[in-house]
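Worksheet: the structure to be examined is printed underneath.
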Amino acid sequence: MRLRTNGRLVRKNRPVHFSFNGKAMQGYAGDTLASALLANDQILVGRSFKYHRPRGIVAAGTEEPNALVELGRGDRQEPNVRVTQVDLYEGLVARSQNHWPSLEFDVGVINAKLSRFLPAGFYYKTFIQPRAFWKHVYEPIIRRSAGLGAAPETADDNTYEHFNVTVDVLVIGGGIAGLAAALAAGRAGARVLLLEQTSGWGGRAVVDRPMIEGQSAQDWVNVTLGELHAMPNVDMRVRCQGAGVYDHGYALAHERLTDHAPKQGGPRQRLWRIRAGQIVTATGAIERPLSFAYNDVPGVLLAASLRDYVVNYGVAVGQRTVIVTNNDDAYRTALALHAAGLDVPAVIDARPAAQGALPEQVRALGIRVLANSAIGAVEGGKRVTGVSICAQDGTGGQTEQIACDCVAMSGGWSPVVHLWSHCGGKLVWDEAQAMFRPDADRPPTGADGAGFVTAAGTANGHLFTAEAIADGFGAGRKAASTAGHVKKPGQAPMGDDAAEDPMAPVWIMPAQAPYDMRAKMWLDYQNDVKVSDVQLAAQEGFRSVEHTKRYTTLGMATDQGKLSNVNGLAVLSDALGEAIPQVGTTTFRPPYTPLPLAAIAGVARDELFQPVRRTPVQDWHEDHDADFEPVGQWRRPYAYPRGDESSHDAVTREVKNTREAVGLLDASTLGKIIVKGPDAGRFLDMIYTNMMSTLPVGSCRYGLMCSENGFLMDDGVVARMDDDTWLCHTTTGGADRIHAHMEDWLQTEWYDWQVYTANVTEQYAQFAVVGPKARDLLQDIGGMDLTQEALPFMRWTTGTLGGFDVRIFRISFSGELSFEIAVRAGQGAAFWDLLVKHGEPLGLMPYGTEALHVLRAEKGFIMIGDETDGTVIPQDLNLDWAISKKKDDFLGKRGQMRTHMQDPDRWKLVGLETLDGSVLPDGAYAVDTGENVNGQRNTQGRVTSTYYSPTLGKGIAMGLVRRGPERMGEVIAFTKTGGGTVDARICDPVFYDKEGKKQNV
Amino acid sequence: MSEPVSALRGRATSGSVQVSDMGLQGMISLRCDLSFGKLKALSKDLVGAPVPALREAQVRNDRAALWMSPDELLFLMPHTEVDDALSRIAKAMKDQHHLALDVSDARALLRVEGPFAREVIAKLAPVDLHPDVFGPGQVLRTRLGQIAAAFWMTDAQTFQVICFRSVAHYAFDLLEASAKAGPVGHFPRGT
Amino acid sequence: MLILHCPHCDRMVDETDLHPGGEAHLKRHGPEADAEAFENYLFMRENPKGVHFERWRHVYGCGKWFLAARNTATLEVYGTYPAQTHQPPQTIRDTITERQPGWAWGDFR
């Protein structure tokens, strides 16, 4: 409900309209969705995961485990959003999750009735037998009950971006410790980035209002912000969460730019990729719940969070609030409620006595304080109606009943150590404050071996203003000086607090609670893990906290146990009879709260998802409706279907036309590497299996490259340009890889050899003009003598063709008369047009990669990636002719000498023709007799390339078969897709023009 | 013979930070021993600037000499002068082991200009672009999104970016999207 | 994400601009090698928890390879140096000794 008192942050003159589950509601500018829901008395906001129990808002910040909603609609829909992190805006639409058919009446609540049959590890225990039930019975049931919000069905309409930044000091957290840290580091002259995850500065201090430097906390914050804003070396960001700390000072932050103002332009969110010299984590602390029976009923919430709602938003949960605590801080909530004109029937204090200044102040207002007391049970279903009181040191015998509509609890504070811990910062157990806090002696270490994170303020275990602000200032100064900025930043601000008596650790309430009570004490609200579940896990032998977590699912919900972890492991350590620090914590992993995938992707979506490489004639291919296939990041034309023609028919036409008339292929993607220098020949002799140093200037030679293992890694035609320059063609995928391979060997092994390489792949457009009429076409264009005499097979030349400076290679990957013509990339499109114009009267048709494959397969030419898979040596492919016997050494030579590589039983390349003329399935295995050790049918070969040959009118294939070349004519069976086998005869892999006459005319 | 075209064929955007294709640009990659004596005179001759030192960009109007690696320079000059420049290099480097290549067509050159140009680049490149650290006179080779790129500044709010020709449209789209998304407000404007 | 000093560019470089290349200071064995030497060269690798020597290439920058002396457990970097050497420079070995007395890696101490 909305109070008459004004909230710090809300502007009551600016109403904001929104809806929850279709119901129209109203809040004010400055509200969060959480405060606005509470203002509208929407206490029930969700259902728990396992038992579908009613859930209300428990917290006011990122630790909220219950109030997850689905926000927005259509292209703006987002599931699992914490209402405490949503700034209210006009027109906001929210829906609750994990219930059916409605929030008020949820059928799944039946699980709660069955809860005694759903203990910890229930899934593991129940769904294991019978085995056969898993796939069709158990898994579908579990899948249906899994998950909270629904995934959006339409694409996200927002934009996102990244920002890379390097800073001296990254300060995470904009409370007083963080502000003081930024102030010290900023004054010292360091480049500072200060992040605050909420929309405002000052953290708890501006709610609890201690004095700083003789002024109110809010005044000090305002003055400090003014000073920081004036520093050009300091950047300050609100709604920007330090999400993760990683190796060597890398950090991620998530800035929500327009979530609160969806009509504003620009990116919705920005992911900051930060490289920081030093990081100060001033991330505050999270209040812990107390474990008493039915502590999960809506209306039970954290005491300091309730204070936030009252002070910041002028909102309360109920008229009558019972406060239950083990420390003095919660009394501030009593004071705040009283000041707002609300009833506090009692403060239930678990400590034997409550005599500090704050309790006395509360008593003085006439509020009852019950020491050594506990809540025995909360009454009410979807809303608190009262509490029963008992003695904390007893077994739960009721002493009193108090009617109330809200319970505010405080079990002490846990520093937010997540970011300290992400990259390996260690923790110590602070007995007096019952908390894990950072161990300053064991920080995460960076590239120099020294610590690069400093925890500060309450995140460092300093719960009081004076210590927290001094600690923050000191951390900022230290971080700046470690980063090299030693200018003196002045004195630390002085803080002043009310004195507090020590808290007392209370892990269950009452201390001797019997099983029935413990089975109703919730630790993890979202995942429904109770005290009894953790105790059962301990009983069943789970000693490690990591195992218990996974067995019980404690802390595994979307809130990652921010409220439940310490309470859970205290219960576990008690059950195990071990001290809390011995049991330890689970691992804190980034991000602090879930990051939207869209923010991680940033601008890399749709067209920018990944780079698409374009050849100089890509526009032409697109204009001519080519079917494309991805080859690396290129999109190469697969075929150019005409009219209603199918892709398959287009390939058939393109193959035939190339064999009978003339075809045109865009081969620009093939790698082109220049290798030059006095030692270039010697170098290439090491890189290739064959001899390249003896290649005459003007000639071309097909070469193979192997890894040191001896396996074939790439192939291509090498042309010698001049005395000390070679041009090496690689496969499309090989251009960058082979260039890197060459540089690796040159730089790290043969660094005294004088060789330079350059990858000039993209300098040239390269087109293959292929077919019996290829020469006619080029002569028609005119400018060069391209007769067999002037330019024989496997030679290259330069000249001017149709006015274009060209380099022409007489090489063939199709078995046809073929010219590969390179022109400058900037002239590629114009030259292609010229070829098309002059070629069309001769019947020229462009052909795509599939026709290229068919043409080469008909000729028995291998393709890297088809005939090779990283385990194939050239000898397997009968390429012994391309392996020099004269050379003492080349990369892969020793590898090929290994016994297994010499084994006569190796699978070797052969041609395969099916007896029925059908096309063999790609990758099919040749079956053999018998079974292997795994009970699988033995195999004796496999298909590596398989096509319908338009030239021969039947299926042709190549494959690797055990001792294949020795078994010509033998018929073996290959597996078929969907079962059965098909017979194929082993044959010569050269299916067409065995003598190679056609290419050499 | 037809005139060559740049990969982006003059694409340009409007807006506070503008992205534009700089069109045909002569580029020569020279790999050699950068301490070779005659290199000084050669660099002076080709672009009117000294040999760039480590990570330096020596920019002179429409010419530049850029440090690419410990044994590689990139010379920029008008597109029409490349052939002549190559023969002058061949002459100067005669008997000296080197590799000089025309790479004009292999690359695209883009301009990013405007008050928050620095932030547009910082959205895409994992490097420190603070004005105290990077400014005119320097060159950086790094990533732009998912591609390799090099860039340098010609004044306080102008970047020139080179990338491979095949990904020129990706680079342009990336820069355009980042410019359209507006400033971050981290670096002082116009620096 | 690591940040390493590229000795060729003399600047700190993010891991995303680098390409890892496995163990440093391997000695190549060619056709004359016996089976054991070749196996060692091809397959046997150090896998230390602690001091390690690795190859990195500044692939998105100068394109040059360099070597890094690094602690695989703490990620502390003792130094980087150009790849044109058969052993780590003495200054880097001294740094490692200072930080990890008694370290050993392959034949290096």
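The values are calculated or read from the model by the stated rules, or taken from the named source; none is laboratory data. Not measured: the values here are computed from a predicted model. Note that each Cβ is placed from the backbone with ideal geometry, even for glycine, and that neighbours are counted across all protein chains shown.
Can you say whether A:Gly733 is of a type in the set (Gly, Ala, Ser), surrounded by fewer than 20 Cβ atoms within 10 Å (Cβ to Cβ) and assigned by TED's automatic domain parsing to the domain that holds A:Glu629, as far as the supplied structure shows?
For A:Gly733, the condition - of a type in the set (Gly, Ala, Ser), surrounded by fewer than 20 Cβ atoms within 10 Å (Cβ to Cβ) and assigned by TED's automatic domain parsing to the domain that holds A:Glu629 - is not met.
If you go through segment B:124-160, how many residues are away from chain A (no Cβ under 14 Å), hydrophobic (A, V, I, L, M, F, W, C) and in contact with a Phe, Trp or Tyr (Cβ under 8 Å, 6 or more places away or on another chain)?
Residues that pass the stated criteria total 4.
Kindly list the number of the only condition in (1) within 13 Å of chain A (Cβ to nearest Cβ); (2) part of a loop (DSSP other than H, G, I, E, B) that fails for B:Ala53.
It is condition (1) that B:Ala53 fails.
Quick check, is B:Val133 more than 17 Å from the chain's Cα centre (by Cα) and among the β-branched types (Val, Ile, Thr)?
Working: more than 17 Å from the chain's Cα centre (by Cα): yes; among the β-branched types (Val, Ile, Thr): yes.
Yes.
Evaluate the following for B:Asp155: is it more than 16 Å from the chain's Cα centre (by Cα), among the acidic types (Asp, Glu) and either at pLDDT 95 or above or more than 22 Å from A:Arg613 (Cβ to Cβ) (or both)?
Numbers: more than 16 Å from the chain's Cα centre (by Cα): no; among the acidic types (Asp, Glu): yes; either at pLDDT 95 or above or more than 22 Å from A:Arg613 (Cβ to Cβ) (or both): yes.
No, not satisfied.
Can you tell me which of C:Gly21, C:Gly30, C:Gly50 is within 21 Å of C:Ile96 (Cβ to Cβ) and facing another protein chain (nearest Cβ under 8 Å)? Give the derivation first.
Values: C:Gly30 fails: within 21 Å of C:Ile96 (Cβ to Cβ); C:Gly50 fails: facing another protein chain (nearest Cβ under 8 Å).
After ruling out the rest, the residue left standing is C:Gly21.
Test of understanding: among A:Ala790, A:Ala758, A:Ala774, which residue is in contact with a Leu (Cβ under 6 Å, 6 or more places away or on another chain), more than 11 Å from chain B (Cβ to nearest Cβ) and either over 23 Å from A:Leu852 (Cα atoms) or touching a residue at least 40 places away in the same chain (Cβ under 8 Å) (or both)?
A:Ala774
Quick check on segment C:57-70: of everything there that is out of contact with any His (no Cβ under 7 Å at 6 or more places or on another chain) and either within 30 Å of A:Pro443 (Cα to Cα) or among the hydroxyl-bearing types (Ser, Thr, Tyr) (or both), which residue is nearest to the other protein chains (Cβ to nearest Cβ)?
In this case the residue turns out to be C:Tyr60.
Restricting to segment B:70-93, count the residues that are within 13 Å of chain A (Cβ to nearest Cβ) and free of Cβ contacts under 8 Å to residues at least 24 places away in the same chain.
The qualifying residues number 2.
Can you tell me how many residues within segment B:59-69 are in contact (Cβ under 8 Å) with a residue 60 or more places away in the chain and either away from chain C (no Cβ under 14 Å) or in a helix (DSSP H, G or I) (or both)?
So the count comes out to 2.
Only one of these is part of a loop (DSSP other than H, G, I, E, B) and more than 30 Å from A:Val416 (Cβ to Cβ): A:Gly366, A:Gly376. Name it. Lay out the reasoning, then the answer.
Working: A:Gly376 fails: part of a loop (DSSP other than H, G, I, E, B).
After applying the criteria, what remains is A:Gly366.
Kindly indicate which of A:Gly425, A:Gly366 is free of Cβ contacts under 8 Å to residues at least 12 places away in the same chain and small (Gly, Ala, Ser).
That would be A:Gly366, the only listed residue that is free of Cβ contacts under 8 Å to residues at least 12 places away in the same chain and small (Gly, Ala, Ser).
Which residue, of A:Trp750, A:Trp745, is within 14 Å of another protein chain (Cβ to nearest Cβ), of a type in the set (Phe, Trp, Tyr) and not in a loop (DSSP other than H, G, I, E, B)?
Unique residue meeting the criteria: A:Trp745.
Given the condition touching a residue at least 60 places away in the same chain (Cβ under 8 Å), more than 23 Å from A:Gln763 (Cα to Cα), not aliphatic (A, V, I, L, M) and not in a loop (DSSP other than H, G, I, E, B), answer yes or no: does some residue in segment B:15-36 qualify?
yes
Looking for whichever is within 27 Å of B:Val103 (Cα to Cα), of a type in the set (Gly, Ala, Ser) and buried (at least 22 other Cβ atoms within 10 Å of the Cβ) here; the options are A:Ala774, A:Ala765. Which one fits? Spell out the reasoning first.
On the way: A:Ala774 fails: within 27 Å of B:Val103 (Cα to Cα).
Matching residue, one of A:Ala774, A:Ala765: A:Ala765.
Filter segment A:888-904 down to residues that are of a type outside the set (A, V, I, L, M), part of a loop (DSSP other than H, G, I, E, B) and at the interface with chain C (Cβ under 9 Å from one of its Cβ atoms) and give me whichever is farthest from the chain's Cα centre (by Cα).
The first filter runs over segment A:888-904 and keeps only residues of a type outside the set (A, V, I, L, M), leaving A:888-890, A:892-896, A:898-900, A:902-904.
Restricting the remaining residues to those that are part of a loop (DSSP other than H, G, I, E, B) gives A:888-890, A:892, A:898, A:903-904.
So of that shortlist, the ones also at the interface with chain C (Cβ under 9 Å from one of its Cβ atoms) come out as A:888-890, A:898.
Details: A:Asp888: 49, A:Asp889: 45, A:Phe890: 42, A:Arg898: 42 Å.
Selected residue: A:Asp888.
Select the helices (runs of 4 or more DSSP H) contained entirely in segment A:547-629, then report the ones holding at least 3 residues which are under 29 Å from A:Gly826 (Cβ atoms) and touching a residue at least 12 places away in the same chain (Cβ under 8 Å).
A:618-623
Of all residues in segment A:508-525 being outside any loop (DSSP other than H, G, I, E, B) and of a type outside the set (Lys, Arg), which is farthest from A:Ala391 (Cα to Cα)?
A:Asp524
Would you mind stating whether B:Ala177 is in contact with a Ser or Thr (Cβ under 8 Å, 6 or more places away or on another chain), more than 11 Å from every other protein chain (Cβ to nearest Cβ), without any contact (Cβ under 8 Å) to a residue 40 or more places away in the chain and not charged (D, E, K, R)?
Against the criterion (in contact with a Ser or Thr (Cβ under 8 Å, 6 or more places away or on another chain), more than 11 Å from every other protein chain (Cβ to nearest Cβ), without any contact (Cβ under 8 Å) to a residue 40 or more places away in the chain and not charged (D, E, K, R)), B:Ala177 does not qualify.
Residues in segment B:103-128 that are under 16 Å from B:Ala148 (Cα atoms), part of a loop (DSSP other than H, G, I, E, B) and not charged (D, E, K, R): how many?
Of the residues in that region, 5 qualify.
Consider B:Ala100 carefully, then state whether it is over 16 Å from the mean Cα position of the chain (by Cα), in a strand (DSSP E or B), modelled with pLDDT of 95 or more and away from chain C (no Cβ under 14 Å).
Judged against the criteria, B:Ala100 is a match.
Using the structure shown, decide if C:Val77 is of a type in the set (Val, Ile, Thr) and within 14 Å of chain B (Cβ to nearest Cβ). Quick ask: steps written out before the conclusion?
Working: of a type in the set (Val, Ile, Thr): yes; within 14 Å of chain B (Cβ to nearest Cβ): no.
No, not satisfied.
I'd like to know if segment A:706-725 contains one or more residues that are within 28 Å of C:Cys62 (Cβ to Cβ), within 14 Å of another protein chain (Cβ to nearest Cβ) and in a helix (DSSP H, G or I).
No, segment A:706-725 has no match at all.
From the list C:Arg70, C:Arg55, C:Arg28, which residue is touching a helix residue (DSSP H, G or I) at 6+ places or on another chain (Cβ under 8 Å), among the charged types (D, E, K, R) and not in a loop (DSSP other than H, G, I, E, B)? Even if it seems obvious, please write down each step before you answer.
Numbers: C:Arg70 fails: touching a helix residue (DSSP H, G or I) at 6+ places or on another chain (Cβ under 8 Å); C:Arg28 fails: not in a loop (DSSP other than H, G, I, E, B).
Every option except C:Arg55 fails the conditions.
Please find, within segment B:132-165, the residue that is surrounded by the most Cβ atoms within 10 Å (Cβ to Cβ) out of those that are over 15 Å from B:Leu66 (Cβ atoms) and touching a helix residue (DSSP H, G or I) at 6+ places or on another chain (Cβ under 7 Å).
Ranking the candidates gives B:Arg165 first.
Condition first: over 11 Å from C:Phe53 (Cα atoms) and either touching a helix residue (DSSP H, G or I) at 6+ places or on another chain (Cβ under 8 Å) or outside any loop (DSSP other than H, G, I, E, B) (or both). Now tell me which residues in segment C:97-108 satisfy that.
C:Thr97, C:Glu98, C:Arg99, C:Trp103
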